[in-house]
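First the structure, in the form of structure tokens, and then the observations on it.
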Amino acid sequence: MTWKSQDQDQDKQKKRKRETLNKVLVIIFGLHTLRVNLQISYKLPHRFKYFMHQYTSIAYMGKNVTSYNKYYFYSDSGCAGRGLRWKATPLTPNLAEYQHQDETDLDRHGWTPLDYFEQYIDRDLMMTIAECSNIMSLSKSGEPLNMTTDEIYHFFGACILMSCIRYPTIRMYWSKALKITAITDKFTRARFFKLRGAIKVVIDHDVPEDLRMSDKFWKVRPFLDRILQGCLSLNRPDCASIDEQMIPFTGACPYRQYLPMKPNPVGIKNFVCATADGIVLDFELYQGTGSLIGKVEEPEGLGLGSLVIERLCQTLHRGTKVYCDRFFTTIKGAQRMMGKELYMTGTIMKNRLAGAKHKLPSDKAMKNAGRGTSSEVSAEDGKLCVVKWYDNKPVLLMSVVHGTQPEDTCQRWDKKMKQYVTVSRPSIIREYNNKMGGVDLMDRMISYYRMSTRTKKWTMRMVMHFTDLALANSWLLYRKDHAICAGPKTRPIQFLQFRMEVATILLAQHHGADADLSTEEEDSNQGVKRHVTELPHVSVRRRANAHLPEMIGLKNAMRCRQLGCTGRTRVRCMTCKVFLCLQTERNCYSAFHT
């Protein structure tokens with residue numbers, strides 16, 4: 001056999017392999033198309049995924065199908081929209097008119113900080129906490145806690161005041177040199193810690209087993225529902241933003257999450273709907289996708305991001321513009337919201353764009369064109385557009401409201417030139433930046449004076465966080481009302497002063513005879529706490545000519561104050577006023593004064 005015939009045989013073998021591979025790829029592509037249409041879930045074998053990644057151009061029914069990378073076969077149902085045809089034409093939105101609500105801001109004229117706060121945490125909730133705490137404490141320990149409603153007010157007031165005046169440890173608030181009388185006059189240190197460890201929002205025995213299985217946060221659900229009720233009572237604006245919020249907690253808790261890009265990466269995830277001013281309108285704690293499916297109509301084919309959008313948009317009015325980041329934005333989700341006359345705008349991932357990304361210029365081409373370059377493509381009906389803008393890196397946004405026009409300019413920092421430069425900015429970028437920061441603003445307000453009680457109980461962490469959220473919401477609403485009623489000449493009180501006024505009013509609550517302060521019984525035989533004499537300074541203790549012992553006629557001997565001694569004695573120093581052992585085998589009196 002000649003070398004020529006050998007080469008021909010090898011070429012035929014390679015040709016047969018290519019034909020076989022193409023047939024296999026066509027079958028896989030057909031199966032995947034069937035899977036998308038029928039919503040069937042399956043995983044491709046590793047070898048087929050490798051083939052599809054390597055060979056990115058296949059022939060299917062006479063048409064050349066290009067750029068089917070691995071993301072095409074891993075796309076979730078939220079990436080629907082591949083049937084859309086994209087054109088390089090401007091957006092032509094057809095929006096429903098927003099129905100404005102009757103403004104009730106003037107009804108809050110003359111409200112005090114406590115009035116704003118009681119929109120979220122009122123006396124009924126405080127009474128519920130006191131009742132549940134007493135019942136649970138009695139059932140567990142067998143001893144009555146005797147917690148009153150006013151004590152709950154005082155406890156929350158003390159926690160708020162501690163967040164405004166920070167000490168390294170909580171015990172320092174009761175120290176003689178640094179104590180805060182507004183706190184120490186209400187309860188002792190031991191009583192404060194006992195209340196903090198015993199606070200309950202529900203009676204555990206009354207919660208059925210099916211509710212415990214379906215709701216992982218049932219232990220604080222009444223508290224969350226009351227905060228949510230206050231948020232839902234607020235007016236709905238024409239623009240809202242949806243984003244994630246982390247409740248920082250590193251202990252054991254249900255559905256603890258880890259988001260490395262967040263300032264507090266470990267904690268409980270909370271999805272929040274807020275206005276551009278940062279006022280929270282609605283929220284939903286993350287408990288897995290299954291908990292959201294039951295709260296959304298027709299959830300079939302929706303991913304987690306689209307389910308969250310559907311859930312948090314239930315209380316918004318028709319014509320509202322919703323802004324979100326790329327975690328929530330999908331073409332299918334935007335089309336569903338458009339059918340409900342709610343209009344989405346947000347950043348979007350490349351693998352959720354279907355065929356739109358092939359109509360847009362490449363990253364390299366836009367980088368060569370310089371900063372400020374933008375490009376826009378729209379769907380065939382003109383109701384949805386995708387915009388790509390190059391700043392420091394390319395940014396992809398999708399909207400049914402905004403396009404590139406009208407463009408304006410903004411100042412951006414140039415690292416090479418070390419100065420600000422003027423850059424062209426599309427309309428969708430400007431609107432997104434102005435309307436998207438509401439949840440981040442709320443997070444920033446909470447972080448300034450966070451009620452950071454150091455605890456291993458996730459329930460207490462949740463109660464403290466949502467109390468902070470209620471305070472921040474109250475101040476933002478107060479500031480909005482003040483701008484309308486008072487005008488620009490008078491300044492609103494600052495957030496710190498607002499919190500301290502709420503704390504002072506809560507600490508001063510007194511509603512009747514049941515508000516008598518409960519004292520901590522440290523000794524079972526005595527009802528009043530014994531006064532402890534402070535140890536004198538070492539310079540006073542070492543004056544040899546000024547200390548004489550005296551015998552005190554007590555029924556019960558007192559504990560020796562010498563460090564390390566556990567004995568009891570009736571001998572007291574006349575100058576230092578402390579009891580010390582004075583015996584043959586144990587002379588603490590001499591050791592204390594030398």
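Once you have the Kirkwood Rh of the stretch 122-250 from its Cα pairs, apply Stokes-Einstein at 37 °C and 0.692 mPa s and quote D in µm²/s. Reported coefficient: 190 µm²/s. Fully extending the segment from Lys480 to Val421 would add 17.8 nm, taking 0.36 nm per residue of separation and subtracting the current Cα-Cα distance.
Surface analysis of the stretch 323-462 yields an accessible area of 48 Å² per residue, using protein heavy atoms and a 1.4 Å probe. With each label modelled as a point 7 angstrom along the Cα→C-beta vector, the Asn434-Ala177 pair spans 5.4 nm. Measuring nothing but alpha carbons in the stretch 245-368 and taking Rh as the Kirkwood radius, the Rg to Rh ratio lands at 1.01. The slack in the chain from Thr188 to Glu407, taken as 0.36 nm per residue of separation less the alpha-carbon distance, amounts to 72.6 nm.
Can you compute the FRET efficiency between Asp122 and Arg212 using 1/(1 + (r/R0)^6), with r the Cβ-Cβ distance and R0 = 22 Å? Round to the nearest 0.05. The pair Asp122/Arg212 has a calculated efficiency of 0.25. Please report how far the C-alpha centroid of the stretch 375-444 lies from that of the stretch 210-253, rounded to the nearest whole angstrom. Taking the Cα centre of the stretch 210-253 as reference, the centre of the stretch 375-444 is 31 Å away.
Annotation note: GluC sites (Glu not before Pro) in the stretch 263-367 located in DSSP loop regions with a Cβ neighbour count of at most 12 within 10 Å are Glu297, Glu300. Here each label is just a point 7 Å from Cα along the line to Cβ, and for Lys340 and Glu550 those points are 8.0 nm apart. In the stretch 365-519, the inverse of the mean reciprocal separation of distinct Cα atoms equals 20.5 Å; this is its Kirkwood hydrodynamic radius. Straight-line cross-link reach from Lys176 at under 20 Å between alpha-carbon atoms covers these lysines, not counting any fewer than eight positions away in the same chain: Lys186, Lys529, Lys577.
A Förster distance of 30 Å, applied to the separation of the beta-carbon atoms of Ile505 and Glu298, puts the FRET efficiency at 0.05. Sites listed here are trypsin sites (Lys or Arg not before Pro) in the stretch 436-490 whose DSSP assignment is loop and whose Cβ has at most 12 other Cβ atoms within 10 Å: Arg454, Lys456, Lys489. Hey, could you grab the Kirkwood Rh for the stretch 356-405? Inverse mean 1/r over distinct alpha carbon pairs, Å, one decimal. Result for the stretch 356-405, one decimal place: 11.1 Å.
The values are calculated or read from the model by the stated rules, or taken from the named source; none is laboratory data. Computed from a predicted structure; not experimentally measured. FYI the Cβ positions are ideal-geometry reconstructions off the backbone, even for glycines, and counts take in every protein chain you see. For accessibility, only protein heavy atoms count, side chains too; no ligands or nucleic acids. Shrake-Rupley method; radii C 1.70, N 1.55, O 1.52, S 1.80 Å.
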